[in-house]
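A quick write-up on the structure given underneath.
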Amino acid sequence: MNTLAAWHRAFRGAGRPPRQGGPASALRPALVAAALLGVLLAGAVQFGAVPVTAADWLAPWRPGTDPATAGGAHVLWQLRLPRALLALAVGACLALAGALAQGLFRNPLADPGLLGITSGAACAAALVLTVFSGTTHPLPAAWRPWVLPASALAGGLTVCLALDRLARWLTPGSVAGLLLTGLALNAGAMAVVGLCTYLATDEQLRSLSFWTLGSLAGGEWAVVGVLAAVLALTLPLARRLADGLNALALGEAVAGHVGLDVARLRTRVVVGVALLCGLAVAWCGVIGFIGLMAPHLARLVAGADHRRVLPLSAAFGAALLLVADTVARTVALPAEIPVGIFTALLGAPLFLALLRQTSRGGAA
């Protein structure tokens, strides 16, 4: 009992920020992150084949000027700015999902893709692009652009539901069993994607290949609004899960002894990861490494407390994807390279550097 009481006291105070700094010290990282994202956003919209001037920024407030038709203002307000904001929102979604998954599995190498949710969304999109490509014609023209995102989201949520049911049946109460079940579903979904690739025509194959490598070219204000609303809802909910994830870091048995409902926490985290990943993949395709790298950077800055790791992960993920997308659309003008290639190019060496630093810290 004394041991359990000690664990309970450690959990209640684990990783809490010091009180002596006051509210200003708690707001400082948020202000720094907001300033960094603002600078990156301003730089991202400036780069491209069409130059953007100060007059283009003021076009919506100038009388008699329509930003939808006014040259550089159109490029800024209808193309680059919504795309850059979409990159911020998608990066934040993927990074927050990665931080939640790593906290649930107590494994810094855990990634939302390991649960099969990303693959499930990709599988549904591949089926729509190939097998069911002719079924959208009866739909109204205004609905057709939403068919692929809605199908991908439905695919991710379907895998989430199957994951929860199968894990409860095969390995009830085991977080490790949940991960293994996700790996099996991931393999099955990617097998269906491979079959669709084999059956696709040349035109379908080009669309499928570009979509599975990730693209933010479909950035629109409506999509940005949807993802921003989802983030506004999920970030506070994720903060409520932070104490539970801190307790789970002590182990499932200890977390249960201090009063944590591990099964309920697992369900909430998996549903949150499914919603975030499903929406991100639905509009932008499969973009790797963001959900893996951003939580590592957040832990380097803020330590292991999930109350700080979760929001900082979202900020770092947004910054990483914005930088990657800016490079992807400008490095080979007028062509555009899939952003998933650059997230891997950015993430792989950074991940190796983090592994090196971690090994040095362990050796010391």
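Coordinate-derived values only; no laboratory data. Because the structure is a prediction, the values reported are computed rather than measured. Glycine gets a Cβ as well: all are built from the backbone with ideal geometry, and neighbour counts include every protein chain shown.
Label reach from Arg28 (point 7 Å along Cα→C-beta): in the stretch 284-325, amide nitrogens under 13 Å belong to 302. When a/c is below 1.5 the answer is rounded, else prolate if a/b is larger than b/c, else oblate, so apply that to the stretch 153-289 with a ≥ b ≥ c taken from the square roots of the Cα gyration tensor eigenvalues. Oblate. Of interest is the spacing of the C-alpha centroids, which for the stretch 267-330 and the stretch 102-130 amounts to 13 Å. Taking the fewest neighbouring Cβ atoms within 10 Å as the starting point, the ordered list for Leu114, Leu350, Leu322 is Leu350, Leu114, Leu322. As a rough footprinting exposure proxy, the listed residues Leu292, Leu85 were ranked by other beta carbons within 10 Å of their own, and the order from fewest upward is Leu85, Leu292. The Cβ shell under 12 Å around Val270 holds other residues with a net charge of +4, Lys and Arg each +1, Asp and Glu each -1. Ranking of Leu100, Leu31 by neighbouring Cβ atoms within 10 Å, starting from the fewest: Leu31, Leu100. The alpha carbons of the stretch 56-363 give a radius of gyration and a Dmax of 20.1, 67 Å, in that order.
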